[in-house]
Amino acid sequence: MTDATPTRADGKLTIALISDVFWEADGEARLRDALLEAADKGADLAVLPELPLNPWTPATKEPRDEDAEPMDGPRATAQAEAAREAGIGLIGGIIHRDGATGRRTSRALALDAQGTVRATYEKLHLPEEAGFWETSHYESGSEPPRATDALGLPIGLQLCSDTNRPEGTHLLGAQGAVAVLIPRATEEATYQRWKMVFRANALTSCCWVVSVNRPRPEGGALIGGPSVVIDPRGDVVVETTERMAIASIDAGAVSDARKRYPGYLPIRARLYADAWAEVAGRDG
C-alpha cells in the first residue's frame, strides 16, 4: 500500500452525509439550501445518494430519454452551482449520455468548492432485478476506480453495488486513498449485508468507507436504510437515517491502520494481476 498523502495540512476532512434526493420541482432550491446548511455546520465536502437529481427510474424497465444528459446538462449544472454557492466540495451524480455515441452510464461527479468537476467515475457493476433494472437504463463503466487528491485528501469513488466486488475498494486503498465515498440506493431489508461488506472493505483496505443512501421507497423499490461511516479498523462511526449527518475523517487513522494487522501485509499486486489476467483471458 502507498502512504496516504493529505493535501490538507491537518490531514482531516469534515463530510456531510445528505440522505435526500432533489428531482422534484423544488429540488434545486432544496439542494442549495442543504449544501449551505452543511457548510454552516463546518463541512468541507457533502456526499449525496446515487443519482440524486433523478427519480429512481430503474424501479421499472422503461428508460426515458430525459433522464440522461451531457456533462453540461441541467442536473450536472445544478450540482455545480450549488457547490459553488455553498463553497464546499460535492459528490453527486448523473445519468451521463455521451454526445458522440449516445452511450448512457451512471456517473459519479466529484466537484470542488468552486463547482468544478475534478473527477468522475462510472458504475461498473449493474444489478438487473425487481426495483433495480439498471442495465435497462445505462451501461457498465469501462474504467477501474482511481484515487484523486483534488478535494483535500486522497479519495476514491464507487457507486452502490460496486462495493460488493471488494477488488475496487482494495485497489483504491493501494492507490493511497484515505476514504472511499459510495453514493447508493439500497433496500432497508438488505442493509445488514451491506454493512458487513462496508466493514470488511474498510478493514482490509485500511480506508474510511462513507456511504449515503437514498432515503425512501420510490416506484415500488423499497429503498431505505442508514447512511454510514466506517473507520479503517472496520468500526462503525456513523449509522443514521437522519437527513444530514456530519463526520470527520483523518489520514492519521489510515496511516495507523496500515502499520497494524492486516494493513501491513503485502499486497502482492503482480501475483494477483497475473492470475486475474488468466481469468480475463478465459472470459474472452
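Only the coordinates and a few stated rules stand behind these numbers; no lab work does. Keep in mind the model is a prediction, meaning the values are calculated, not measured. All Cβ positions, glycine included, derive from the backbone under ideal geometry; neighbour counts span all protein chains shown.
The figures follow:
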| item | result |
| --- | --- |
| Ratio of Rg to Rh over the range 8-124 (Cα coordinates, Kirkwood Rh, two decimals) | 0.98 |
| The chain: C-alpha pair distances exceeding 24 Å, % | 47 |
| Cα centroid of the range 60-89 to Cα centroid of the range 206-277, whole Å | 25 |
| Along each principal axis, Cα extent of the range 1-74, largest first, Å | 47, 34, 24 |
| Cα lying deepest toward the dipole's positive end in the range 1-157, options 125, 9, 76, charges on Cβ | 9 |
| The range 168-250: mean projected area of Cα convex hull, nm² | 5.3 |
| Within straight-line cross-link reach of residue 41, lysines at Cα separation under 25 Å, skipping those fewer than 8 residues along the same chain | 12 |
| Distant-in-sequence amide H partners of residue 237 (H built 1.01 Å from N, under 5 Å) | 229, 230, 231 |
| Lysines whose Cα lies under 22 Å from that of residue 61, excluding same-chain neighbours fewer than 8 positions away | 123 |
| The range 94-208: relative contact order as a whole-number percent, Cα under 8 Å and 6+ apart | 19 |
| Relative contact order, percent, the range 133-284 [alpha-carbon distance under 8 Å, six or more residues apart] | 17 |
| Length-normalised contact order of the chain in % [C-alpha pairs under 8 Å, at least 6 apart] | 21 |
| Globularity index of the range 81-178, i.e. its alpha-carbon radius of gyration over 2.2 N^0.38 Å | 1.13 |
| Per-residue HN-Hα couplings for the range 171-177 [Karplus 6.51, -1.76, 1.60; θ = phi - 60°; Hz; x = Gly/Pro] | 4, 5, x, 5, 7, x, 5 |
